[in-house]
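See below for the structure under consideration.
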Protein chains: 2
Amino acid sequence: MAIAEKLASQQKSISVAEFFEKNKHLLGFDSPTRGIITTIKEAIDNSLDACEEAEVLPDIWVSITKLTKETIRIAVEDNGPGIVPDNVPYVFGKLLYGSRFHQIRQSRGQQGIGISAAVLFAQLTTGVPARVISRTGADKPAYLFDLMIRTEKNEPEIIRKEEYNWDRTHGTRIELEFTGSLAAKRRLIDYLKYTAVVNPHARIQADIDGEWHSFERVSDEIIVSPQAIAPHPYGIEFGTLKRMAAISKDNVHEFLITGFSRVGLKSADQMLKIAGIKGTRKAKGLSSEHLKTLLAAMQEVDVPPPPASLCLSPITEEMIVQGLEKEFELDFVKARTRKAQVFSGHPFIVEAAIGYGGKLDQEGQALLLRFANRVPLLYQQGACAVTNAIAGINWRSYNISQQSLPIGPILLLVHVASTNVPFTSESKDAIAAIPEIEKEITLALQDLGRELKNFINKRDRNKLAEDRARAVCSIIPDIATKVAEIVELPPPDISPIEGQIMRRVVAKKKTEDGMVGVSVTNYTRKPIEVMVYSLSEDNQEEAVPKPDFIDVIGSEFNAVWRITIEPESAWKATYPGKGRGTIDIRGVDEKMKVVVDLDGIY
Amino acid sequence: MAIAEKLASQQKSISVAEFFEKNKHLLGFDSPTRGIITTIKEAIDNSLDACEEAEVLPDIWVSITKLTKETIRIAVEDNGPGIVPDNVPYVFGKLLYGSRFHQIRQSRGQQGIGISAAVLFAQLTTGVPARVISRTGADKPAYLFDLMIRTEKNEPEIIRKEEYNWDRTHGTRIELEFTGSLAAKRRLIDYLKYTAVVNPHARIQADIDGEWHSFERVSDEIIVSPQAIAPHPYGIEFGTLKRMAAISKDNVHEFLITGFSRVGLKSADQMLKIAGIKGTRKAKGLSSEHLKTLLAAMQEVDVPPPPASLCLSPITEEMIVQGLEKEFELDFVKARTRKAQVFSGHPFIVEAAIGYGGKLDQEGQALLLRFANRVPLLYQQGACAVTNAIAGINWRSYNISQQSLPIGPILLLVHVASTNVPFTSESKDAIAAIPEIEKEITLALQDLGRELKNFINKRDRNKLAEDRARAVCSIIPDIATKVAEIVELPPPDISPIEGQIMRRVVAKKKTEDGMVGVSVTNYTRKPIEVMVYSLSEDNQEEAVPKPDFIDVIGSEFNAVWRITIEPESAWKATYPGKGRGTIDIRGVDEKMKVVVDLDGIY
């Protein structure tokens, strides 16, 4: 069949840059609208990662300029450690080049694809080289590069390289020009906002075509980059074990201890015993059959989970709550940071939060904020394990209506931190449906759902009780008047009854036989601390108990008591006088307070 | 900052094989369950593509054998054109190597990743090399290879290569051993079934761990591989234009005509005029600025859409209906093949079908069959443009209940054929949300939805009318008896009334005064063709009209008339005789037929 030869002549190797140029949507460059967001995201991810590695508080500056109807210039600049000049062309001009791919620890970037893909997208759409300026310290010059990617080779092409007079002592700046549209500006601002929420140590300032957006840091605590750990014996595949053994110089016993996380002397002994391999043999010399037996043995021995506290960096409940309150002014917000768990040997931590009320949309589906390794996920919500898990929860059992997602003024935040977040594509939009991860998300949200239910129930109960009380109180004056008419007495003071029914704090003044009585009754269920003010022409120096202090204001005396009153209790002061003037209390909500001057009633 | 040097020391290049080994879920190898399906899919895709290229009717043989509790051996063998021995190691042992990446035409495989990823997955999980046997013709020897991939280089490693005594004259066989589970056997069989539905020219036979599944071809028509076309001027990016110009030897005028699809002399002239570029200049010599102007000009000139009929291969409405009827025995099925459309310069065709009733599940969500370039899509339904489009249609307007997807015994099939199907990931599970594609899917399904509505309405109307008629008929005998009593006559023959109300075909025999009358009345709304049988001791040779033939059976005569009766019309035959015997009609549904022998009534 001559056809085979014909086909053979067409078969050839494709460079990874060619592949991703053709499949640029896989990297989040499907459209000019999305291209901007992806580019900014990749640049900021790199900046934040680099700052953490250098233990610097990140200061990131973003600029987006519309050049023509269709072209945009983006610049992102940071105060990170900078990149040594020899490596700059590779970091920005070669896909699959980076420092974090082989490291087992939480980081935003991992694949060494993102920012070079942005460079590729720029040269594909406008042909303009990427400009990079970087400086690694005050004692080093800054360098400026104009870079392109030789697509068919996936290698950088240096168009220009020169020393540059830069006022920064360290940092990196990238400038890109590409076909883009600001149609999704709202989403871009959301991205910056959400990034700020989960990176409270970062300051991000953005000039979006003349519109200034600033996100100040809310924490001055430097986030230290998580440490890389060795692979865990439960998460290793045969091929990886084989490769590790092939380059090892140790004997098998040492190889197990130094090569793997959480394997100590004792567990290494056990593994070797089960596998029937002598610990003194060189790891390099083990046959495939031996390695298979060893791998099986490694799964059988009890080994603690990977040291998540070293390699992961959760946001923490406090920081999540703080961030959400700042942005959404919620009536209710709670967060949970779950304990670290493991899937396929990769440690991960799920954090979640539920917010309610405040500025949230009263109707429609819940607002869902998804994060992975402190990076907001903006696209492919429907394909994400987070969405799956949320839709799988029976929200109705928390008195929340649901149509796949919960409905109402609800915000759901989920953060998955892992040494290896299983994204469904290189564009890192959605987390794959890993059962262990979905389970953790579910547990965290169910826990928070119960708290939200309590909050809503209590609020509803309070509202119901108050409505009832209000109804009762509205007829009391009529009843009192009627009764007074019948018994032919003046209408009684009904404020204590109202106060009691409505659970208020009632302050009262009444003068009888030359003695003025000032009382405060706490009908609420909590102790209160209040200041009682009595402004009067009567000199109150002889009051019992004695006022904490008295101001003289013209011809009037302002007596002040600072008192604590237990629930369902009353406090009273008396002094001789005519009872003119006014009283007031401070320290309770205005809505909770009833002030009655009975001297004024008759 | 010494940190930059420290970071630099960690920065390095990652091979694409390393990348996909770590991110194997991107290629559909997330789990042992899925690994099997992905492997079989990739192998079958390659076989079908190769057979089409060689214009051979595909004969594919699949074998899955459980070796241990966790390991599986898969073999897939085809009668394709084979692969020349020099290329075998690259086709199976190097990612991003193939013949179809740069060709603009519909094909199943495009990226040159799939089958080598399966080899990578096998060596990662079991370390066993892939075995490939291939032969390109009867006059050539077959070769056997044992292959691995050097992950860190993404290069093949030939463990063994030898001539092999193979009974096939041409074809390819691949054998892989990996960690796998048959837990998703049902889905695997579905995959094979659906593949057969959209590849009616293929025979697929599978031995799934001892269980034999055979899918015979339903069409002997060879599917000719679509032809590759040149890129369309509307779908070209600046970077691609620049690269094309750089390797061109033509002047710009020739470059436009030969380099692009649908650009003729006239449109090339127009483009050059708008761009202000002389056609005689060498394309290679154009500056970036010139190329930008030219690209803009190319978008302004009217050019017909790309020649979809050459480069695309739709399944056709007839073949879809045939395939679905065979597998699902539906009460209703219709298909639509839409006209070719274009997104970003890539031609595509949407085909859709709706099936109803039959063997489909009466409750729950519609069964959704998604296909891209004749390949079934089994995962990530929620992330797919097809699902999006379906959920976006208001099915209630077709009297179909809906909960995101339609509910009921409904099957929806959608096939997207394109020179560049925009998948959301390399695993090719879901089609990205391209507005042009979603629109076509929506239009096709709305059109079919209207037809389904008509079908259901008619069926419901028929059912309702029948229910009413049945109610009326159930009281007619009582009325007839009552009336007969009152007027003191024998009860009348009510069969014509029943037949009329129920829209039946009524055959009647009645003998009076030595004359036998056999009549057939068609109360339905359609003309009928029936055979009337009259079995009797009377010799019916003198019947008017004359019977078409008469059989003598013992002492009886069986007269047969073949007649057509218009709606609401009657046919009658008479002959002299005693009227004994029976009559019957054939050619109408049993449920539609009423036979009344009035000779037997009295």
Rounded to whole Å and ordered largest first, report the semi-axes of the equivalent ellipsoid of the stretch A:16-215 derived from its Cα gyration tensor (root of 5λ). 22, 21, 17
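With respect to the cross-link table entries B:K482/B:K591; A:K185/B:K94; A:K41/B:K292; B:K41/B:K249, which display a Cα-Cα separation exceeding 30 Å?
A:K185/B:K94; B:K41/B:K249
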How large is the convex hull of the Cα atoms of the protein assembly as shown per residue, expressed in Å³ as a whole number? 316
Here, chymotrypsin sites (Phe, Trp or Tyr not before Pro) of the stretch B:208-280 satisfying both criteria (DSSP loop; at most 10 other Cβ within 10 Å) are none
Residues meeting the amide H criterion for B:Y164 (H placed from the backbone, H to H distance under 5 Å, 5 or more places apart or on another chain) are B:A142, B:Y143, B:L144
Can you give me the pair-distance distribution of the stretch A:495-601, C-alpha pairs, 10 Å bins, whole percents? 16, 50, 29, 5
Can you give me the Cα centroid spacing of the stretch B:414-433 and the stretch A:501-579 in angstrom? 78
Per-residue mean of other chain beta-carbon atoms within 10 angstrom of the beta-carbon, peptide A:120-128? 4
The stretch B:195-209-the stretch B:19-62 distance, computed between alpha-carbon centres (Å): 14
So the angle from the long Cα axis of helix B:185-198 to the longest Cα principal axis of chain B, reported in degrees to the nearest 10, equals 80
Note, ³J(HN,Hα) from phi for the stretch A:467-481, Karplus 6.51, -1.76, 1.60, rounded to Hz, x at Gly and Pro: 4, 4, 4, 4, 4, 4, 4, 5, 9, 4, x, 5, 4, 4, 4
Computing the accessible area with a 1.4 Å probe over protein heavy atoms, can you report the carbon and sulfur percentage for the stretch B:288-339? 50
What accessible surface, in Å², does a 1.4 Å probe find on A:H232, ignoring ligands, DNA and RNA and rounding to the nearest 10? 10
So which lysines can B:K593 reach, going by Cα to Cα under 18 Å and dropping same-chain residues fewer than 8 places off? B:K463, B:K508, B:K509, B:K510, B:K526, B:K572
Can you give the relative contact order of chain A as a percent, counting alpha carbon pairs under 8 Å and 6+ residues apart? 10
Helix B:288-300 vs. chain B, principal-axis angle (Cα, 0 to 90°, nearest 10): 10
Relative contact order, percent, the stretch A:495-601 [alpha-carbon distance under 8 Å, six or more residues apart]: 38
Largest first and in whole Å, what are the equivalent-ellipsoid semi-axes of chain A based on the Cα gyration tensor, each being the root of 5 times an eigenvalue? 66, 31, 25
Per-residue average of Cβ from other chains inside 10 Å of B:9-21: 6
Taking the alpha-carbon centroid of each part, what is the distance from the stretch A:250-327 to the stretch B:311-383 in angstrom? 48
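For the stretch B:426-494, state which GluC sites (Glu not before Pro) are in a DSSP loop and have at most 12 other beta carbons lying within 10 Å of their beta carbon.
Answer by residue number: B:E488.
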Just the accessible area per residue of the stretch B:233-300, please: how many Å² with a 1.4 Å probe? 52
I'd like the Kirkwood hydrodynamic radius of the stretch B:233-300, using the inverse of the mean 1/r over distinct C-alpha pairs, in Å. 11.4
In the stretch B:495-601, what percent of the accessible surface is made up of carbon and sulfur (1.4 Å probe, ligands and nucleic acids excluded)? 49
Kirkwood hydrodynamic radius (Cα pairs, Å) of the stretch A:308-442? 15.1
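At most 10 other Cβ atoms within 10 Å and a DSSP loop assignment: could you name the trypsin sites (Lys or Arg not before Pro) in the stretch A:225-314 that fit?
A:K249, A:K278
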Cα-Cα longer than 30 Å, checked against B:K242/B:K439; A:K12/B:K284; A:K359/B:K428, kept in input order, equals B:K242/B:K439; A:K359/B:K428
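What is the mean number of Cβ atoms from other protein chains located within 10 Å of the Cβ atom of each residue in peptide A:80-92, rounded to a whole number? Mind showing how you got there, number by number?
On the way: counts 4, 8, 5, 4, 7, 2, 2, 7, 1, 0, 4, 3, 0.
Averaged over the peptide's residues, the number is 4.
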Could you tell me the total accessible area buried at the B-A interface, probe 1.4 Å, in square angstrom to the nearest hundred? 5900
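The values are calculated or read from the model by the stated rules, or taken from the named source; none is laboratory data. The structure presented is a predicted model; accordingly, all values stated were derived computationally and were not measured. When we count neighbours, we look across all protein chains shown, and the Cβ atoms used for this are built from the backbone with ideal geometry, even at glycine. For accessibility, only protein heavy atoms count, side chains too; no ligands or nucleic acids. Shrake-Rupley method; radii C 1.70, N 1.55, O 1.52, S 1.80 Å.
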